[in-house]
Amino acid sequence: MFVRELSLTDYRSWDSVQLELRPEPTILVGRNGFGKTNLLESLFYIATLRSHRVSSDAPLVRTGASSARIRTTVENEGRELTVELTIPTKGANKATLNTAPVRRTRDVLGVLRTVLFAPEDLALVRGEPGERRRFLDEITVQLRPIAAGARADYERVLRQRSALLKTAGAAMRRSSADADSVMSTLDVWDDQLAQFGAEVTADRLAVVWQLNPLVEQAYSSIAPHSRRAGIAYRSAAGPELDEVAGGAESVADIRDILGQRLRDVRAKEIDRGMCLVGPHRDDLYLHLGEEPAKGFASHGESWSMALALRLACVEILRADGVEPVIMLDDVFAELDVARREKLAEFTADAEQLLITAAVGADIPEVLAGRRISVGVVEDDKGRRSQIIGDERPAEEAG
């Protein structure tokens, strides 16, 4: 799989750009803030319908524009698919597949599969649970695009149930009739939250169980003298859910566990006005030996764990029959020599490798390839990114 063409209009710092790409290493070089990362981010958005840098879509639209547009053509085993996404400042996103509108934007998931390594990956180890939940959901929807539907349904029910909980306490104090109405309505939302939450959790569990041995293997290769690495799912519903087998057959068991826990904590939820149980409060537990990586891992160990998570994603996608597009966003500048060499070794045989760097010398020689220079121009139209150079290796150019 590789991206053959990428076109952006009013996306972040780019007012307009069109890149033709090949299945080869391509290095985007330019100073920080010049827009290199925005190119990779747009491809990651096509693959996951999320940015790896921000939680909302508003920053993706160029200042002063009404919408941003991403258009990309992906080739996979001789078959070409073109996706176009329009991201408006107001309203819902729109998408087309081979120029035909799709009913839901998530219908384009699966066209492009990619793994992105970025400086933000350190937050997977040192950051809050939300970072790790995002990581799980991003790889899950690439493996099973249909999982995006369950996640969207869960988030919708969670918003509505949370809104009810915020007003439930006052309503129940007004009268017994109001109290009965609140309880009856909560019963309905609990059933839906347990069902959709079970589907989201089962998808995550299945991915965690596939990733765990791959993370252990990748980490031991990157840091052979460190402790054994591993990952596990940790549910706010309790340890009994962590032991449920991942997969479609486990959804009913997870639903029953979530349903019971929601009943157990209902009084506490009403008192606090918030939902305390569900996949929105779960975590991916990362450990080195018997200790959690967060708080106990050194800086080098944290980077090794972050790299191991991404390398495991590459392998899990390959095992699913697709060679993902690998993107390395300014990561070589963050790594010591040993980790640079190991990352280069793991990614050198990628079908398509897209790399950004502020300094071209940071890129290991084994990854030498086409080099595109990114700069900025500033005039009466404002400051915007542009391509200022495009060079191929000397042997190819000759």
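The values are calculated or read from the model by the stated rules, or taken from the named source; none is laboratory data. Just so it is clear, the model here is predicted, and its values are computed rather than measured. As a convention, Cβ positions derive from the backbone with ideal geometry for all residues, glycine included, and neighbour counts pool all protein chains shown. Quick note on the areas: whole protein, heavy atoms, side chains included, nothing else; ligands and nucleic acids left out. Shrake-Rupley method; radii C 1.70, N 1.55, O 1.52, S 1.80 Å.
At a glance:
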{"quantity": "Among 293, 100, 350, residue whose mean-square fluctuation peaks in a GNM of the chain (springs only between Cα atoms under 10 Å)", "calculated": "100"}
{"quantity": "Residues residue 179 and residue 338, FRET efficiency given R0 of 51 Å [Cβ-Cβ distance, rounded to 0.05]", "calculated": "0.20"}
{"quantity": "Loop-located trypsin sites (Lys or Arg not before Pro) in the range 36-121 whose Cβ has at most 11 other Cβ within 10 Å (DSSP)", "calculated": "90, 103"}
{"quantity": "5 angstrom amide H check on residue 288, placed H, neighbours 5+ away", "calculated": "293"}
{"quantity": "Cβ charges +1 (Lys, Arg) and -1 (Asp, Glu), total dipole of the range 81-220, debye", "calculated": "420"}
{"quantity": "Candidate residues 105, 72: accessible-area rank, largest first, probe 1.4 Å", "calculated": "105, 72"}
{"quantity": "Sparse-neighbour loop sites [GluC sites (Glu not before Pro); the range 1-107; at most 16 other C-beta within 10 Å; DSSP]", "calculated": "77"}
{"quantity": "Given [x] 24.4; [y] 20.9; [z] 22.7, the label whose value is Kirkwood radius over Cα pairs in Å derived from this model", "calculated": "[z]"}
{"quantity": "Given charges at Cβ of Lys, Arg, Asp, Glu: the chain dipole, positive-most of 350, 149, 361", "calculated": "149"}
{"quantity": "Normalised contact order of the range 277-372, rounded percent, pairs of Cα under 8 Å and 6 or more residues apart", "calculated": "22"}
{"quantity": "J(HN,Hα) series, the range 201-215, from Karplus relation 6.51 cos²θ - 1.76 cosθ + 1.60, nearest Hz, glycine and proline x", "calculated": "5, 4, 4, 5, 4, 4, 5, 4, 5, 6, 6, 3, x, 6, 5"}
{"quantity": "Computed helical MRE - 222 nm, the chain, DSSP H runs ≥ 4 contributing -39500 (n - 2.57), nearest 500", "calculated": "-14000 deg cm²/dmol"}
{"quantity": "Dipole-positive endmost among 302, 331, 18 within the chain (Cβ charges, Cα centre)", "calculated": "18"}
{"quantity": "In Å², nearest 10: area of residue 330 left accessible to a 1.4 Å probe", "calculated": "30"}
{"quantity": "Top of 159, 227, 151 by mean-square fluctuation, Gaussian network on the chain, Cα under 10 Å", "calculated": "159"}
{"quantity": "Computed over the range 330-398: relative contact order in percent, which uses C-alpha pairs under 8 Å that are six or more apart", "calculated": "25"}
{"quantity": "Centre separation in Å (Cα based) which lies between the range 259-332 and the range 8-74", "calculated": "26"}
{"quantity": "The chain: relative contact order as a whole-number percent, Cα under 8 Å and 6+ apart", "calculated": "24"}
{"quantity": "Check: the chain dipole with +1 on Lys, Arg Cβ and -1 on Asp, Glu Cβ, in debye", "calculated": "1340"}
